[in-house]
Amino acid sequence: MDSSVRDLVIIGSGPAGLTAAIYAARANLSPLVIAGLAPGGRLTLAPVIENFPGFPKGIDGPTLMKSMREQAERFGAAVVSADATAVDFRTRPFSVRTEEGSFSCRALVIATGANPRFLGPPREKELIGRGISTCATCDGFFFRDKRVFVVGGGDTAMDDSLFLTRFARRVTVVHRRDALRASKILQQRAFANPKIDFIWDSVVEELIGEKVLEGVKLRNVKSGEISEHSCDGVFLAIGHIPNTEIFRGQIELDPEGYVVTTNVTRTSVEGVFAAGDVVDKVYRQAVTAAASGCMAALEAEKWLAAHP
């Protein structure tokens, strides 16, 4: 147990958590970042990022996250490479338990992110960045004049499909049911778009390709029939799972498990703030996560000043 009480602990080391650390450190709050056993968040899986401001030639995810961590540490942030396993917001100061010990703090920023839901066929995660994508707005540009598949039937799937028609030659939506769950207006736009077609009652059974994706095998859930299709990309649009299990019962979460906030970053517990994809179910971009991390740090600074 670390007996000292810190001003601020930040759980998470993606763009939201590290931006919060940079701003908090520059405000002399000496923040502690609980980075997790896989520091840097999901951005470390990105082979190239071309839409983060300031990098006209692009930058790979690991390099960007390494630079953000070094920047936070330069200003005095401390980083612990351990997973947070439990929190206690019922008493003050707050406490956070990790495999490396427990830490106490007066204020806390939750920046634990969200993980995309995956389909489950072999080698799916190995092909991330090599034909498999979980972010159409991030990767759509790379599929200009290509044929791509979008898996899902909700609003995200329709939004992604419509967005991808700006680049792809053909967009095929694969849905496990015979009707979409998306809002009617998005359905109408998708059905009316000549670049979009649909394969109903089907799931992805197998991914074809060794080093890069070359196609998919689909299984019809009603007939069991297997069909093979060549394609250049598959976009997963079946939802995300926010990393909030350790906060359940201690802070307000919405039905999907995302942290509920007011005034952008304030949670239901005074002195606890949240930023990044653990809050954001709409944009999910590195730059928006970083922006909310900045806001969380500024809000924490104001809160700490008002509660000496």
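The values are calculated or read from the model by the stated rules, or taken from the named source; none is laboratory data. Please read all numbers here as calculations on a predicted model, not as lab measurements. We place every Cβ from the backbone using ideal geometry, glycine too, and count neighbours over all the protein chains shown.
Is it the case that some residue within the range 244-266 is modelled with pLDDT of 95 or more, of a type in the set (Lys, Arg) and more than 19 Å from Glu299 (Cβ to Cβ)? Within the range 244-266 (the criterion being modelled with pLDDT of 95 or more, of a type in the set (Lys, Arg) and more than 19 Å from Glu299 (Cβ to Cβ)), the answer is yes, since at least one residue qualifies. What pairs come out if I take residues in the range 82-109 that are within 14 Å of Ile246 (Cα to Cα) and without any contact (Cβ under 8 Å) to a residue 60 or more places away in the chain and pair them with residues that are assigned to a strand (DSSP E or B) and not hydroxyl-bearing (Ser, Thr, Tyr) whose C-beta lies under 6 Å away, six or more apart or interchain? As it stands, the answer is Ser95/Asp88; Arg97/Ala86, since those pairs meet every condition given.
Out of all the residues in the range 147-154, is one or more of a type in the set (Gly, Ala, Ser) and closer than 24 Å to Ser13 by Cα?
First pass over the range 147-154, keeping only residues of a type in the set (Gly, Ala, Ser): 152-154.
Of the ones still in play, those that are also closer than 24 Å to Ser13 by Cα are none.
No, the range 147-154 contains no residue that is of a type in the set (Gly, Ala, Ser) and closer than 24 Å to Ser13 by Cα.
Looking at (1) small (Gly, Ala, Ser); (2) more than 30 Å from Ile59 (Cβ to Cβ); (3) over 24 Å from the mean Cα position of the chain (by Cα), which is the only condition Gly209 fails? The one condition Gly209 does not meet is (2). If you check every pair at least six apart or on different chains, which have Cβ atoms under 8 Å apart with a residue in the range 145-156 that is under 8 Å from Ile238 (Cα atoms) and in the same structural domain as Val212 (by TED's automatic domain parsing) first and a residue that is among the aromatic types (Phe, Trp, Tyr) and assigned to a strand (DSSP E or B) second? Close Cβ pairs satisfying both conditions: Val151/Phe235.
Residue count for the range 128-149 under the criterion of being hydrophobic (A, V, I, L, M, F, W, C) and out of contact with any strand residue (DSSP E or B) (no Cβ under 6 Å at 6 or more places or on another chain): the result is 5. Contact annotation: residue pairs with Cβ atoms under 7 Å, 6 or more positions apart or on different chains, pairing a residue in the range 113-140 that is in contact (Cβ under 8 Å) with a residue 40 or more places away in the chain with a partner that is among the hydroxyl-bearing types (Ser, Thr, Tyr), are Pro116/Thr134; Asp139/Ser133. Of everything in the range 248-287 that is in contact (Cβ under 8 Å) with a residue 24 or more places away in the chain and of a type in the set (Phe, Trp, Tyr), the residue that is nearest to Phe94 (Cα to Cα) is Phe273.
Among the residues of the range 128-179, those identified as touching a Ser or Thr at 6+ places or on another chain (Cβ under 8 Å) and in a strand (DSSP E or B) are Ile128, Arg147, Val148, Phe149, Val150, Val171, Val173, Val174. Taken over the range 206-226, the criterion of being outside any loop (DSSP other than H, G, I, E, B) and closer than 17 Å to Ile128 by Cα is satisfied by Glu206, Leu207, Ile208, Gly215, Val216.
How about the range 184-205: which of its residues are assigned to a loop (DSSP other than H, G, I, E, B) and surrounded by 13 or more Cβ atoms within 10 Å (Cβ to Cβ)?
Asn193, Lys195, Trp200, Asp201 - these are the residues of the range 184-205 that are assigned to a loop (DSSP other than H, G, I, E, B) and surrounded by 13 or more Cβ atoms within 10 Å (Cβ to Cβ).
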